[in-house]
Structures are given as structure tokens and as C-alpha cells.
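**Student:** There's a structure below that I have some questions on.
The values are calculated or read from the model by the stated rules, or taken from the named source; none is laboratory data. In this text, all values refer to a predicted model and were calculated from it rather than measured experimentally. All Cβ positions, even for glycine, are placed from backbone atoms using ideal geometry, and neighbour counts span all protein chains on display.
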Amino acid sequence: MESFDFIEMKVPARAEYVGVVRLSTSGIANRMGFSYEEIEDLKVAISEALSNATEHAYKTEDDGEVTIGFGVYQDRLEVMVADRGGSFDLQKIKKDIGPYENNQSIEDLREGGFGLFLIEALMDKVEIKNDYGVIVLMTKYLHENEVDINDDQISTTQ
Amino acid sequence: MNLNIDRNDNGDTQELKLAGEIDAYTAPQLKEALLPLTKAEGTMVVVDLEGVNYMDSTGLGVFISALKSTKEYNSDLRLVALQDRVRRLFDITGLDSIINIDSTVRGGK
């Protein structure tokens, strides 16, 4: 079985903790050897997931917790963000995401519609489960390692 | 992990100079400072983002609200001196085509 390190954090579902998790993400990603650009992408994606989670908790007046799990693998970082607060209508949200299109009028523009879109744009793989609370599972690969693996393959064929 | 907001009142031009991070925690502060400025007809609201080193969709949401407000009150909104990372979010989401963004102050693209 593939070995990995696992780091778990639990924070109150409040906006002031989004920055705390962002700093932790930055530390873990830096440790793994992600580039500056990739770390910035990870910070935005994870903050988006967390902002969503804190918003749900707020709406249901549930001062709950958000659990964040980091799976540190050789070639990738998997981040899970889970809130047990109120679930949302995933189909509706999926329908609402996407970049701004030129034919949209400004009046119709969604003020909060870009979070999930950015997560999908900035991460390599995104899964959302909505059965029991909301779980967002995001993966970002270390691209340097992929190159290394290819290098090895080339040398062993000789 | 905070946001500093400085306001410069030059009559018809109102400038907000931001420094720090715009996220779920600080976005409400920005909204509170920015939206009232857009409600004066004929005003040019300039938001200087040179000191902003982090922003996510909560910040985009505030600027969308402000843009809508400028259409309603016949004022103008301009974002200037964006760092590349912040500018990138407007590009990815396509919002650079409707929000007046000027990165040249920082010698950008």
C-alpha cells in the first residue's frame, strides 16, 4: 500500500480561521517542494473550500467545526475539507459555477459564485460529496516528481 | 492575515489603498469601506491593490458588488496596481473583461 503522512486540523467554522489553515497549507506544501505558484494556487483553493464551509455553518447558526485533512504523498497532496453543518444543493451549485461569459449582464453576475470554480481551476482533481455534511476532496500533483519518474524510466530501458 | 484600508478623499476621485489579505474574514471590512463610495454619482473610485498579497473569491465578490453599485449610481470603479497573483484571479474568472483593471502602475503586463 502506498504510504503517506496524514495531518489533521479541526478549526471552528468561522472566517477568522480561514487564514490560519491557509498558513498551515502553505507550510505543508512548501515542505513537499511545491513551487511558489503552486503554493499560491493551493492557498486559494483551500481557502475557498473553507470559506464555503464556514458560510454554511453561519447560515444554520451552527457554531460547528471544520475538519481539514492533509494526505502527504510522494507525488501529490490530497486535502479534504469536511463540515458537518447544513448540506447544500450540489446540483444547483454545479449549475452556477463557471467563468464570466461576455453575454452575461452585470446585474446577473453572482457575487459568490466563483469559489467552486476556482477550486476546480486551481487543483488537478476535485471531488465533492454531499451525503452527510459537505466534503471537498482536492488533489494537487507535484509535477517535478512526475518528471523524475519519467527520467528513471528512460535510464532503466538502456 | 489582516487588511489595512486607507482612504484618500480627492473630491470626485476617491481612492482606497489596500494592504494585506482579502479573504472571508477581511472581505466584509472592504465591502463596508468600498460600497458607500460608489453611491455618489459621478465619483471615480480607485482601489489600489499594490499591497494586497492574497485574495480569493470573497474579494471578487466585493468588487462585483461594487461594480453593480457603480452602474446603479452612475459612478466609476477602477482597480490599479494589482500583483500578478491577484490579477490572475480576474483573468481565470473572466472578470477582467468587465471590471476596469489597470496593472500598469506596477509595470505589469
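**Student:** Give the residues of segment A:1-44 that are of a type outside the set (S, T, Y), at the interface with chain B (Cβ under 10 Å from one of its Cβ atoms) and more than 20 Å from A:G115 (Cα to Cα), sorted by residue number.
**Tutor:** The first filter runs over segment A:1-44 and keeps only residues of a type outside the set (S, T, Y), leaving A:1-2, A:4-16, A:18-23, A:27-34, A:37-44.
From what is left, the residues that are at the interface with chain B (Cβ under 10 Å from one of its Cβ atoms) are A:14-16, A:18-20, A:22-23, A:37, A:40-41, A:43-44.
Of everything in segment A:1-44, nothing turns out to be of a type outside the set (S, T, Y), at the interface with chain B (Cβ under 10 Å from one of its Cβ atoms) and more than 20 Å from A:G115 (Cα to Cα).
**Student:** Determine whether segment B:54-69 contains at least one residue that is within 8 Å of another protein chain (Cβ to nearest Cβ), of a type outside the set (K, R) and over 18 Å from A:E48 (Cα atoms).
**Tutor:** yes
**Student:** Restricting segment B:72-101 to residues that are of a type in the set (A, V, I, L, M) and assigned to a loop (DSSP other than H, G, I, E, B), which is farthest from the chain's Cα centre (by Cα)?
**Tutor:** Start the filter on segment B:72-101 by keeping residues that are of a type in the set (A, V, I, L, M), which leaves B:77, B:79-82, B:86, B:89, B:92, B:95, B:98-99, B:101.
Filter again for assigned to a loop (DSSP other than H, G, I, E, B), leaving B:81-82, B:98-99.
Working: B:A81: 10, B:L82: 9, B:I98: 13, B:I99: 9 Å.
Only one residue fits best here, namely B:I98.
**Student:** Here is a follow-up. What is the residue count in segment B:1-31 for residues that are surrounded by fewer than 16 Cβ atoms within 10 Å (Cβ to Cβ) and more than 14 Å from chain A (Cβ to nearest Cβ)?
**Tutor:** Summing the residues that are surrounded by fewer than 16 Cβ atoms within 10 Å (Cβ to Cβ) and more than 14 Å from chain A (Cβ to nearest Cβ) in segment B:1-31 gives 10.
**Student:** Take the residues in segment A:12-24 that are among the hydrophobic types (A, V, I, L, M, F, W, C) and at pLDDT below 95; name whichever of them is nearest to A:G133 (Cα to Cα).
**Tutor:** The selected residue is A:A13.
**Student:** Can B:L37 be described as over 22 Å from A:R110 (Cβ atoms), in contact with a helix residue (DSSP H, G or I) (Cβ under 9 Å, 6 or more places away or on another chain) and in a helix (DSSP H, G or I)?
**Tutor:** Values: over 22 Å from A:R110 (Cβ atoms): yes; in contact with a helix residue (DSSP H, G or I) (Cβ under 9 Å, 6 or more places away or on another chain): yes; in a helix (DSSP H, G or I): yes.
Considered against the rule, which asks whether it is over 22 Å from A:R110 (Cβ atoms), in contact with a helix residue (DSSP H, G or I) (Cβ under 9 Å, 6 or more places away or on another chain) and in a helix (DSSP H, G or I), B:L37 comes out as yes.
**Student:** Here's a follow-up. Which of the residues spanning segment B:32-53 are within 13 Å of chain A (Cβ to nearest Cβ) and at positive phi?
**Tutor:** If the condition is that a residue be within 13 Å of chain A (Cβ to nearest Cβ) and at positive phi, then no residue fits.
**Student:** On to the next question. Kindly indicate whether any position in segment B:91-109 is at the interface with chain A (Cβ under 8 Å from one of its Cβ atoms) and over 30 Å from A:V21 (Cβ atoms). Break it down stepwise before answering.
**Tutor:** Quick first cut of segment B:91-109, residues at the interface with chain A (Cβ under 8 Å from one of its Cβ atoms) only: B:92-95, B:97-98.
Pick out the ones that are also over 30 Å from A:V21 (Cβ atoms) and you get B:97-98.
Yes; the residues of segment B:91-109 include at least one that is at the interface with chain A (Cβ under 8 Å from one of its Cβ atoms) and over 30 Å from A:V21 (Cβ atoms).
**Student:** Also, I was wondering about something else. Among the candidates A:G27, A:G33, A:G64, which residue alone is at pLDDT below 95 and out of contact with any Phe, Trp or Tyr (no Cβ under 8 Å at 6 or more places or on another chain)? Before the answer, list the steps.
**Tutor:** Numbers: A:G27 fails: at pLDDT below 95; A:G33 fails: at pLDDT below 95.
Result: A:G64 is the single residue among A:G27, A:G33, A:G64 that is at pLDDT below 95 and out of contact with any Phe, Trp or Tyr (no Cβ under 8 Å at 6 or more places or on another chain).
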